[in-house]
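The values are calculated or read from the model by the stated rules, or taken from the named source; none is laboratory data. On a predicted model such as this, the values are computed, not experimentally measured, just so you know. In this analysis, Cβ positions are derived from the backbone assuming ideal geometry, glycine residues included, and neighbour counts consider all displayed protein chains.
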Amino acid sequence: MKFKVDKVYVITIDKSHESVRNIINKVKNIDLPNKAPIEIVGINGWDLTNEDLKSKKITPYNKWNLNYKDNLNQNKWHNRDITKGEIGCALSHIQIWEDAYKNKYENIIILEDDFHLLRAIDWSDIDDIEFDLLYLGRSLQICRETVWDDYFSETFCKPGMSNYAGAYILSKEGLKKIVEFYLDKYKTMVFPLDNFLASTYSSIEHRNVQSVFPFNEKIINALAFNRNIIYQRGGRPSQTEPKENDA
């Protein structure tokens, strides 16, 4: 088997002993192709102050919120401001990308703590494919007739615009492209992380993002399994969406 994992990063804001133990056990159940270190990371965006964001040179995207009159899709996620939770999530992923890029890792797996293993992975399937980003789980956004997956084998497809960034692999080349081409721009206009990833390989429905990441700048070679390997487990309060008293 040629494919190897250099590190598994798991994002959580609950770093209690019990939570970390459960996360490590869930990662072990994935049955990785090789023994790889697991790093627990996570920035709680709800604790961030405006001064914190300035010190990190992070600017939330103030044009994310479209009103219903201007948004033909009337997507509720585009009709509210970015939450501090979404900013913290984005910063957690950014921290991982920068660390993996600095360490010149060949392949990393990024998971969010509510991931749920649906089926076993045959890692040999990955040996003969080239990718920058490989989704282990995601949700195709069928919001327009132009959004579809391009199935090119029994196992993999080129994904259409997809949400959920809680389970994916980045190759060394993918890390290089994100950090060197996209990251500085993204830090000046932080919007939800799953939409950012989608904007690097597809046209998302948010017109302001389309103007910043035009079609001719889609440089990420994204792939996905035809059937999700991992997906988000529901049944708990969201750590990123608006809280009741903030709605």
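What single numbered condition from (1) closer than 24 Å to Trp123 by Cα; (2) at pLDDT below 95 fails to hold for Asn221? All conditions are met except number (2).
Checking the stretch 6-23 against the condition returns a match, with at least one residue being at pLDDT 95 or above, among the polar types (S, T, N, Q), closer than 25 Å to Val190 by Cβ and within 17 Å of the chain's Cα centre (by Cα). Out of all the residues in the stretch 179-197, is one or more buried (at least 22 other Cβ atoms within 10 Å of the Cβ) and acidic (Asp, Glu)? Yes, because at least one residue in the stretch 179-197 is buried (at least 22 other Cβ atoms within 10 Å of the Cβ) and acidic (Asp, Glu).
Here is a yes/no grid of residues against (1) buried (at least 21 other Cβ atoms within 10 Å of the Cβ); (2) closer than 16 Å to Asn226 by Cβ; (3) modelled with pLDDT of 90 or more; (4) out of contact with any strand residue (DSSP E or B) (no Cβ under 9 Å at 6 or more places or on another chain):
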| position | (1), (2), (3), (4) |
| --- | --- |
| Ile121 | no, yes, yes, no |
| Ile129 | no, yes, yes, no |
| Tyr135 | yes, yes, yes, no |
| Arg138 | yes, yes, yes, no |
| Arg144 | no, no, no, yes |
| Asp149 | no, yes, no, no |
| Ser153 | no, yes, yes, yes |
| Cys157 | no, yes, yes, no |
| Met161 | yes, no, no, no |
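Note on the stretch 157-206: enclosed helices (runs of 4 or more DSSP H) holding 3 or more residues that are over 27 Å from Asp81 (Cβ atoms) and of a type in the set (D, E, K, R) are 172-177. Going through (1) assigned to a loop (DSSP other than H, G, I, E, B); (2) more than 23 Å from Asp6 (Cα to Cα) one by one, Ile220 falls short only on (2). Considering the stretch 95-106, and only residues there that are closer than 16 Å to Leu133 by Cβ and in contact with a helix residue (DSSP H, G or I) (Cβ under 7 Å, 6 or more places away or on another chain), the residue that is surrounded by the fewest Cβ atoms within 10 Å (Cβ to Cβ) turns out to be Glu106. Only one of the numbered conditions (1) buried (at least 19 other Cβ atoms within 10 Å of the Cβ); (2) farther than 21 Å from Asp125 by Cα; (3) among the β-branched types (Val, Ile, Thr); (4) at pLDDT 90 or above is not met by Ile204, and that is (4). Only a single item in (1) touching a residue at least 40 places away in the same chain (Cβ under 8 Å); (2) touching a helix residue (DSSP H, G or I) at 6+ places or on another chain (Cβ under 9 Å) is not met by Glu180, and it is number (1).
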